[in-house]
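Report on the following structure.
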Amino acid sequence: MLELKEKILSDGEIIEPDILKVDSFINHQIDPKTYRSIAKEIKRRFAGEKIDKILTIEASGIALGLALSYELNDIPVVFAKKGTSKTVNDDLYTSEVYSYTKGTRYIACVKKKYLNENENVILVDDFLADGNAMLGLVDMCNQAKAHIVGCGIIIEKGFQKGHQKLVDLGYRVESLAIIESFENGKIVFK
């Protein structure tokens, strides 16, 4: 997606050797035009698939989920909330998730009434690195016996293992911009 790559190059900021900040248009300040383009491209890539629900994780995935919902004729968006072990109860699907960026673990949870058996669910998020957030969403879908259509990702760090972990489990992964490496303070796309 050329428009997205250009936006990443012009507005993205490398803050550590392998951390990219895109908070000026993706996950702090939201650029509606960019999100519309992203949602249209994810819709195009999953054309022909039956999708009943969009599942993401708070907070950065919510804007993508909502933009994609508009493109898919307003199908429901559910986002896993971040909680603690005190959050766990019988009304929730839960999964422990490790945040690569923050270096912490948390419990992701979705109310059981919002994720149902045999629903066709697309998983979406802003970044895919080691795949921990996506694997947490996969785990909750498996608990619910929902069918995962695939994973729609805005930016993938192709030099990390998340994509391969998901593919090895049999899931389709569609990433719109894949970063091959960060070299001398510059982004190299695949």
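What follows is calculated from the coordinates using simple rules that are stated; it is not laboratory data. Please read all numbers here as calculations on a predicted model, not as lab measurements. Virtual Cβ from ideal backbone geometry, glycine too; neighbours counted across all protein chains shown.
Taking each DSSP H run with n ≥ 4 as -39500 (n - 2.57) and averaging over every residue of the chain yields -9000 deg cm²/dmol at 222 nm. From the alpha carbon centroid of the range 1-72 to that of the range 112-129 is 16 Å. Shown here for the range 55-107: GluC sites (Glu not before Pro) in loop regions (DSSP other than H, G, I, E, B) with at most 15 other Cβ atoms within 10 Å, namely GLU58. Take the Cα of ASP11, go 7 Å toward its beta carbon, and none of the backbone nitrogen atoms of the range 70-84 fall under 12 Å from that spot. Under 1.5 on a/c is rounded, so check that first for the range 1-153, then, if it is not, pick prolate when a/b is larger than b/c and oblate when it is not; a ≥ b ≥ c are the square roots of the alpha carbon gyration tensor eigenvalues. Oblate, since a/c reaches 1.5 and b/c is not below a/b.
Just need the relative contact order of the chain here, percent rounded to a whole number, with Cα pairs under 8 Å and 6+ apart. Each step should come with its number before you reach the end.
Details: 371 pairs, mean separation 34.8, N = 190.
18 percent.
All other residues whose Cβ lies under 13 angstrom from that of SER175 are scored, Lys and Arg at +1 and Asp and Glu at -1, for a net of -1.
Could you give the dipole magnitude of the chain about its Cα centre, charging the beta-carbon of Lys and Arg +1 and that of Asp and Glu -1, in debye to the nearest 20?
That gives a dipole near 280 debye.
Could you calculate the contour length gain from LYS161 to GLU183, that is, 0.36 nm times the residue separation minus the distance between their Cα atoms, to one decimal place in nm? Please report the intermediate quantities before stating the final value.
Working: separation 22, 0.36 × 22 = 7.92 nm, distance 1.86 nm.
Full-extension gain reported as 6.1 nm.
Listed values for the range 173-190 are Karplus-derived 3J(HN,Hα) couplings in whole Hz (6.51 cos²θ - 1.76 cosθ + 1.60, θ = phi - 60°), namely 10, 10, 10, 7, 9, 10, 8, 7, 6, 10, 10, 6, x, 10, 8, 10, 8, 6, and x replaces Gly and Pro. Inter-label distance, TYR70 to LYS21: 2.7 nm, where each label sits 7 Å from its Cα along the C-beta direction. Extension gain for LYS86 to GLN143 (0.36 nm times residue separation, less C-alpha to C-alpha distance): 18.6 nm.
Using DSSP to define loop residues, name the chymotrypsin sites (Phe, Trp or Tyr not before Pro) in the range 108-171 whose beta-carbon has at most 16 other beta-carbon atoms within 10 Å.
Passing both the DSSP loop test and the Cβ count: PHE159.
For the range 136-146, the Karplus equation 6.51 cos²θ - 1.76 cosθ + 1.60, evaluated at θ = phi - 60°, returns couplings of x, 5, 4, 4, 5, 4, 5, 4, 7, 6, 8 Hz by residue, with Gly and Pro reported as x. For a paramagnetic label modelled at 7 Å from the Cα of ASP168 toward its Cβ, which residues of the range 84-128 fall within the zone defined by backbone nitrogen distances under 17 Å? Only 98 pass the distance filter.
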